[in-house]
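A short write-up of the structure that comes next.
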Amino acid sequence: MGFIDILIRYGETPATTVRPMAPVPRKRPMSEEILINVTPRETRVASVENGVLQELYIERTHKRGLVGNIYKGRVCRVLPGMQAAFIDIGLERAAFLHASDIAQPNVGNGQRETAIENLLNEGQELLVQVVKDPLGSKGARLTTHLTIPSRYLVFLPGERTAGVSTKIEREEERQRLKEIIQGFAERRSEGGFIVRTAAEGSDPAELEADQIFLDRLWESIRARIEKAPAGSIIYEDLPLALRTLRDLVSDTVEKVRVDSRETYLKLVEFADQFVPWMASQLEYYPGERPIFDLYGVEDEIQKALERKVQLKSGGYLIIDQTEAMTTIDVNTGAYVGHRTLEETIFKTNLEAAQTIARQLRLRNLGGIIIIDFIDMGTEEHKRQVLRALEKSLARDHARCHITEVSSLGLVEMTRKRTRESLEHILCEVCPTCQGRGSLKTAETVCYEIFREIIREARQYEAKELLVLASQEVVDLLLDEESASLAELESFIKRPIRFQVEAMYTQEQFDVVPL
């Protein structure tokens, strides 16, 4: 399948007549490589900086991410009390649309937001875009503020914006880019643009190529809207491998290595069309040893699923992910330092700040995050640890917000969550403990069995009782608890038999009257 076919398949119309000019050579202040591992059912992309895994993206054929997809939805329920609505977009669970995510042109000009019951009616059809994948038991999060990205620009069909990414800091460069896209806006009747970070230092011809591409893509989407039934997809984003070149490749990337020849050829076509300066950085890896093993990525993935993260100094982190928030506890562990206790704590916290930033990216932890650094008595030390955390998070693609150290010595922060965490993608809840992370002891289960035996004996006129339980529990009952068991048999005046069930967990048991 050629590149043109790929774009058509995923709802895009290529700008075949405009070829971007090669930009000025770019500086690469640090070493970064992107590794793409492709198997028939799964694609994995790893970002490796200076030999260390920083981020991991996983996309499975049967469960592709939905963020960026545009649907023609139908309102199935309006909830005035929540100022939200549930929208049917053809998925298993209805998606969620809040009133603040509905485009209201006059808001911001002195007018307040209109109540959702005055904006939507049940059965109404509307165009929506997914901004958050379904997470756990929650459906997808939607918006009517549509955005369509290309390499350098983001097109906003319903707005007249001419903005520049805040990550482009040089004022003269911001002004240059803004003037270019304002020229685009003057030649059109609708829609606005935001310049992406990747556009820094780009040639005007590159931006114009992106603008023409986005115009054609939007026209193809509009044509599809009129014919599509409610609950159907209108536009689907590119597969992960192509999105990687569009969204992740920056000036710092020295090489993109892929272990699939078919995917490599698609990437070459994509690069020739949109990022010609990256074409020479693409490399096909034909080696017998798996590419992720070559860079130690597989080992890092396994470590990223563990609670405990070891620090080089001897300290460690404990990371607990719950539905409400993620908590991170910092401990000195085996690190005893060489000078004072305060200096030991300060160095541990500094190292922890850098490691935490990496773990947030690698594990893709989002939402509310509480960090319990080791208590520091010096205000200057607190300030330096916070600055180290902020500096380490500067390269994070997700938006982060950090507060000062609280009165309890905690640092509260938020990280934007748009997709499932690494743990949620790769793991499922333990069927034995149901996610608690602990089991009742065999002794606790023995006493539960005693109480259940008394209940059964009082409720049923049985000749004897049969207890089905795990090996550990039965062994304990017949050994250490044998005296208590004899007293219980005497009390209920019936014999008690035991049977080991190999498939039972330590917490499972049954008391059967016979």
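The values are calculated or read from the model by the stated rules, or taken from the named source; none is laboratory data. Note that the coordinates shown come from a computational prediction; the quantities given were computed from them, not determined experimentally. Please note: Cβ atoms are built from the backbone with ideal geometry, for glycine as well, and neighbour counts cover all protein chains shown.
Any residue at all in segment 36-51 that is exposed (fewer than 14 other Cβ atoms within 10 Å of the Cβ), of a type in the set (Ser, Thr, Tyr) and modelled with pLDDT of 90 or more? Yes.
Residue check: is Gln359 over 17 Å from Ser47 (Cβ atoms) and out of contact with any Cys (no Cβ under 7 Å at 6 or more places or on another chain)? For Gln359, the condition - over 17 Å from Ser47 (Cβ atoms) and out of contact with any Cys (no Cβ under 7 Å at 6 or more places or on another chain) - is not met.
If you go through segment 332-344 and keep only what is crowded, with 17+ Cβ neighbours inside 10 Å and not in a helix (DSSP H, G or I), you end up with Thr332, Tyr335. Here Ile492, Ile449 are screened, and the one residue that is in contact (Cβ under 8 Å) with a residue 40 or more places away in the chain, β-branched (Val, Ile, Thr) and over 30 Å from Lys138 (Cα atoms) is Ile449. For segment 468-501, taking the residues that are in contact with an Asp or Glu (Cβ under 8 Å, 6 or more places away or on another chain) and part of a strand (DSSP E or B), the one that is surrounded by the fewest Cβ atoms within 10 Å (Cβ to Cβ) is identified as Arg497. Residues that are surrounded by 21 or more Cβ atoms within 10 Å (Cβ to Cβ) and under 22 Å from the mean Cα position of the chain (by Cα) do not occur anywhere in segment 260-268. Within segment 300-327, residues that are part of a strand (DSSP E or B) have Cβ atoms under 6 Å from residues that are among the aromatic types (Phe, Trp, Tyr) and buried (at least 18 other Cβ atoms within 10 Å of the Cβ) in these pairs: Lys308/Tyr316; Gln310/Tyr316, counting only partners at least 6 apart in sequence or on another chain.
Screening Val256 against (1) within 21 Å of Ile148 (Cβ to Cβ); (2) of a type outside the set (Lys, Arg); (3) in contact with a Leu (Cβ under 6 Å, 6 or more places away or on another chain) leaves a single unmet condition, (1). Examine segment 397-405 for a residue that is closer than 23 Å to Gln310 by Cα and either crowded, with 18+ Cβ neighbours inside 10 Å or among the small types (Gly, Ala, Ser) (or both), and state whether such a residue exists. Scanning segment 397-405, I find no residue that is closer than 23 Å to Gln310 by Cα and either crowded, with 18+ Cβ neighbours inside 10 Å or among the small types (Gly, Ala, Ser) (or both), so the answer is no.
Contact annotation: residue pairs with Cβ atoms under 7 Å, 6 or more positions apart or on different chains, pairing a residue in segment 407-425 that is within 13 Å of Leu389 (Cβ to Cβ) with a partner that is in a strand (DSSP E or B) and modelled with pLDDT under 90, are Val411/Thr403; Val411/Val405; Glu412/Thr403; Met413/Thr403. A single member of Leu245, Leu294 is under 19 Å from Tyr57 (Cα atoms), surrounded by fewer than 15 Cβ atoms within 10 Å (Cβ to Cβ) and touching a Leu at 6+ places or on another chain (Cβ under 9 Å), and it is Leu294. Within segment 158-212, the set of residues being crowded, with 20+ Cβ neighbours inside 10 Å, more than 28 Å from Gln104 (Cα to Cα) and under 29 Å from the mean Cα position of the chain (by Cα) comprises Ala198, Ala199, Glu200.
Within segment 213-229, restricting attention to residues that are surrounded by 13 or more Cβ atoms within 10 Å (Cβ to Cβ) and among the charged types (D, E, K, R), the residue that is modelled with the highest pLDDT is Arg224. Taking His401 as the residue in question, decide whether it is under 15 Å from Gln359 (Cα atoms), in the same structural domain as Phe373 (by TED's automatic domain parsing) and either touching a strand residue (DSSP E or B) at 6+ places or on another chain (Cβ under 8 Å) or not hydrophobic (A, V, I, L, M, F, W, C) (or both). It is false that His401 is under 15 Å from Gln359 (Cα atoms), in the same structural domain as Phe373 (by TED's automatic domain parsing) and either touching a strand residue (DSSP E or B) at 6+ places or on another chain (Cβ under 8 Å) or not hydrophobic (A, V, I, L, M, F, W, C) (or both).
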